[in-house]
Amino acid sequence: DLNTRVQIPSNDEIGSLAKAINDLAVDLQRYRDTRREFFANISHELRTPMTYLEGYAKVLRDGLYETEEEKQKYLDIIHQESIRLTHMIHDLFELSKMEEGKIILHMEWIDLTEVMDHVIQKVKPKAKSKGLDIRVEQPDRLPLVYADGLRMGQVFMNLLDNAIRYTETGTIQVQLRQEPSHVVTIVEDSGIGIPPEELPSIFERFYRVEKSRSREHGGTGLGLAIVKQLVDMQGGTIQVSSVLGKGTRFEITLPIGGDSQ
Ligand code: ADP
């Protein structure tokens, strides 16, 4: 039991040894917690694409589509989500081999409008099934950012998935724009909102506003922790503002990268 601590009997060598053992126990516990959280994160992240695979495979199996194009679109989503799963499983194996459990980023110059377009195509049917509109506002040309395209897709996916899950009527507004040194992405919904006192905590692992409400919406409280971690790792920032009963707005910035472009 790692909670058991060695008694520190004195200030001599025995005392220092006892202290060293206690410190080791604390480190080991921290390592175990990190590992446990890591596996919890992974299974959460695997569940989202699985939901889409299951859903669209069922739609195709039961012939619940009207046109060939529609069928093709669902097949494309199944294909893309399979690729995403393969990528994640690859990372999982890679990570399990590493003692530190660091996530490896594949950084490259990417166009966030392309990343966002892909994600919106994926979530559109889900939004439509709830009668929600997704409106996108973006310039014709956005500066490239140096980031991991798949991870940014995961970030946008989590935000849009939340926006859809926590909104009953209205519109989800997505905006991408350029600022002097950043590209800003905004995802704003007209949903149930988050109480002000809970706002500072929502990026914590496993944090859910009202557990029952979250369970009803199929959440685990890990999505935003992952989002924050991924954005931080890519040198970005994320902020949230919300009005209870009116809606929630997430704003992500990523540095444009100065003259290295
Ligand atoms: P979950 O899987 O429970 O949705 P997240 O980490 O994605 O976990 O979000 C944490 C909590 O923040 C959620 O349980 C939910 O209560 C709240 N939340 C997140 N996004 C929204 C949103 N767009 N509107 C209202 N509440 C939200």
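The values are calculated or read from the model by the stated rules, or taken from the named source; none is laboratory data. Everything numeric in this text was worked out from a predicted model, so none of it was measured. Accessible surface is based on the protein model in full, side chains and every heavy atom, while ligands, DNA and RNA are left aside. Shrake-Rupley method; radii C 1.70, N 1.55, O 1.52, S 1.80 Å.
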Karplus ³J(HN,Hα) for region 176-190 (6.51 cos²θ - 1.76 cosθ + 1.60, θ = phi - 60°; Hz, whole; x = Gly/Pro) runs 10, 8, 9, 10, x, 10, 9, 9, 10, 10, 10, 10, 10, 10, 10
In region 111-216 the accessible area split gives carbon plus sulfur, as whole percent at 1.4 Å, a share of 47 percent
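With every protein chain present, what is the per residue accessible area of region 139-183 (1.4 Å probe, Å²)?
41 Å²
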Here the Cα Rg-to-2.2 N^0.38 Å ratio for region 100-192 is 1.14
With all protein chains present, region 48-90 has a carbon and sulfur share of its accessible area (1.4 Å probe) in percent of 58 percent
